[in-house]
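Trainee: To start, I am sharing the structure in question, which I have written as structure tokens.
The values are calculated or read from the model by the stated rules, or taken from the named source; none is laboratory data. What you are looking at is a predicted structure, and each value in this text was computed from that prediction instead of being measured. The protein model used for the area step is the full one, side chains on, heavy atoms only, and it has no ligands, DNA or RNA in it. Shrake-Rupley method; radii C 1.70, N 1.55, O 1.52, S 1.80 Å.
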Amino acid sequence: MFKNWQSITLWKRVLIGLFIGIAFGLALHYGLPEATFADEDGIETTWSGKERATWIGNTWIQPFGEAFVRLIKMLIVPLIATTLVAGVTAMGDPKKLGSLGVKTIALYLTTTLFAVSLGLTVGTIIKPGIGVEYGASAENLETVKGKLDTAKDVTFTDRMLEIIPDSPVAAWADGAVLPTIFFSILLGIGILFCGKSAEPIKIFFDSAVEVVMRITMLIMELAPFGVCALMAWVMATKGIEILNNLMWLALALYLTCVLHIVFVYGGIIVRGILRLPMKQFFRGILDAQGVAFSTASSSATLPISISCAEKNLGVDKSVAGSVLPLGATINMDGTAIYLGLVALFAAQAAGLEVTFTQYLMVALTATLVSIGAAGIPSAGLLLAATVLDVVGISESQSLLVIAFIFPFDRLLDMMRTVTNVSGDIAVACAVAKWEGELNEDVFRHEAEL
Ligand code: ASP
């Protein structure tokens, strides 16, 4: 049995885990009967089926999912630090780094603008907010208010300055991605400039990359179980109650994300610009999509994205190691789509007319805000106040909108994270091809079925 399981291709095992997790979680959420328990003093409490499912999910299932998330998060810093240094030294010329950076950022921005425009178009057609009456529990309002207050304290200048770490060790200890990227690039450039005398360090990093990648592959073997636990936990605790009020918002988001992934990444970038087969691309990124869907975090998915890009799609480590960590922090097409949709959703629910200028402003704001969003669960929702302001929703009203969506956000977050991660990998393939760093034989290789 164990041998048979191992012989199934990983992406299939991840999908099996995902579906079993969803089915098991939903069975708990909707299938458990009410039960009465007595404590030591004989006082009886009755728990509804859903309360019991939430308790079981949080106590018994979530820790397994969390363990998997921690295992992959643990790899982020070692992976960026080693791949990026080895990547820069492999480039051989620091000037190449500039051209790579410009292409990467330009493509990230272009896809995000496309994404938000698509989101606004779908939102205008589907009108997810019409007839929605929102209200939020006092408890949710408090939670959201607290989270928003902490987020508000960080200014743009703070964020820019954070890129330069006080000390690289502090950045590594905090798992801070951008400062780690910054220091690793400098280290790589330093090694390049030193030439022969730095040869031992270069060799050290080359072999360190191999070691960290090997650990990533090992941990990936646990992905089907981790993904299963995370999905079972989300479904057991939350179910799919989103269908009540947010159904149209969810539908608009899922539809736009799928359209964007298929047409923009698959059709335009992979097929149209790169002239490569879409099928192989989508099969190659399935592991990363499965992990993104279940963790709702692009940062936590980063090690898997790097491994998919290198192993399945033939992206050289110099590109995968630089373009993907940057993408996990600044490229958030799914988040931009979502922000555009939430703005329309709130305006429609409040009966406000959105002018053409406001549409443009929402597109621009959503693009900029998505760049600043962290690759962690719910980051996008907490930034929604900025776009709500653009369509004329007052601060107190926007708090209400955010608190209203908050309890169900995970189901939306899962899809935007899949989009964010898919976009990172599509851009990495494009940049790799333009830089002559894409092994097309690996990309075109017919993946095992
Ligand atoms: N969870 C998303 C991500 O990690 C960000 C968001 O909340 O939109 O990519």
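Trainee: Give me the lysines in straight-line cross-link reach of Lys279: C-alpha distance below 30 Å, same-chain residues under 8 apart excluded.
Mentor: Lys3, Lys12, Lys73, Lys103, Lys311, Lys317, Lys433
Trainee: With a 10 Å cut-off between alpha carbons and a GNM built on the chain, which of Thr386, Thr124, Thr143 moves the most?
Mentor: For the chain, modelled as a Gaussian network with Cα springs under 10 Å, the answer is Thr143.
Trainee: I would also like to ask the following. Can you give the calculated 222 nm mean residue ellipticity of the chain, where each DSSP H run of n ≥ 4 adds -39,500 (n - 2.57) and the sum is split over every residue, rounded to the nearest 500 deg cm²/dmol?
Mentor: Value at 222 nm, helices only: -23500 deg cm²/dmol.
Trainee: Mind checking the per residue accessible area of the chain for me, 1.4 Å probe, whole number of Å²?
Mentor: Solvent-accessible surface per residue comes out at 45 Å².
Trainee: If you rank Leu230, Leu222, Leu71 by how much accessible surface each has, with a 1.4 Å probe, what is the order from largest down?
Mentor: If we order Leu230, Leu222, Leu71 from most to least accessible, we get Leu222, Leu71, Leu230.
Trainee: Once amide H atoms are built 1.01 Å from N in the peptide plane, which residues 5 or more positions from Val315, or in another chain, come under 5 Å H to H?
Mentor: Distant-sequence amide H within range of Val315: Glu310, Asn439.
Trainee: Only Cα pairs under 8 Å and at least 6 apart count here; give the relative contact order of segment 1-100 as a rounded whole percent.
Mentor: Result for segment 1-100 is 15 percent.
Trainee: Next question. Identify which of Ala373, Ala198, Ala223 has the largest mean-square fluctuation in a Gaussian network model of the chain, with springs joining Cα atoms closer than 10 Å.
Mentor: Between Ala373, Ala198, Ala223, it is Ala198 that shows the largest mean-square fluctuation.
Trainee: Of the residues Cys308, Cys257, Cys194, which exhibits the maximal mean-square fluctuation in a Gaussian network model of the chain defined by a 10 Å Cα contact cut-off?
Mentor: Cys194
Trainee: Sticking with this structure for a sec: Checking the cross-link filter: which aspartates and glutamates have an alpha carbon closer than 16 Å to that of Lys95, excluding same-chain neighbours under 8 positions apart?
Mentor: The reachable aspartates and glutamates, counting only those whose Cα sits under 16 Å from Lys95, are Glu435, Glu437.
Trainee: Follow-up. Protein chains only, probe 1.4 Å: how do Leu28, Leu109 rank by accessible area, largest first?
Mentor: Leu109, Leu28
Trainee: Using only Cα atoms and rounding to the nearest 10 degrees, what angle (0 to 90) does helix 356-372 make with the longest principal axis of the chain?
Mentor: Once rounded, the angle reads 60 degrees.
Trainee: Okay, next question. What order do Asp287, Asp174 take when sorted by accessible area (1.4 Å probe), most exposed first?
Mentor: Sorted by accessible area, descending: Asp174, Asp287.
Trainee: State, as an integer percentage, the relative contact order of the chain based on alpha-carbon contacts under 8 Å between residues 6 or more apart.
Mentor: The normalised contact order for the chain reaches 28 percent.
Trainee: Going Cα to Cα from Lys127, which lysines come in below 26 Å? Please leave out same-chain ones fewer than 8 positions away.
Mentor: Cross-link targets: Lys238.
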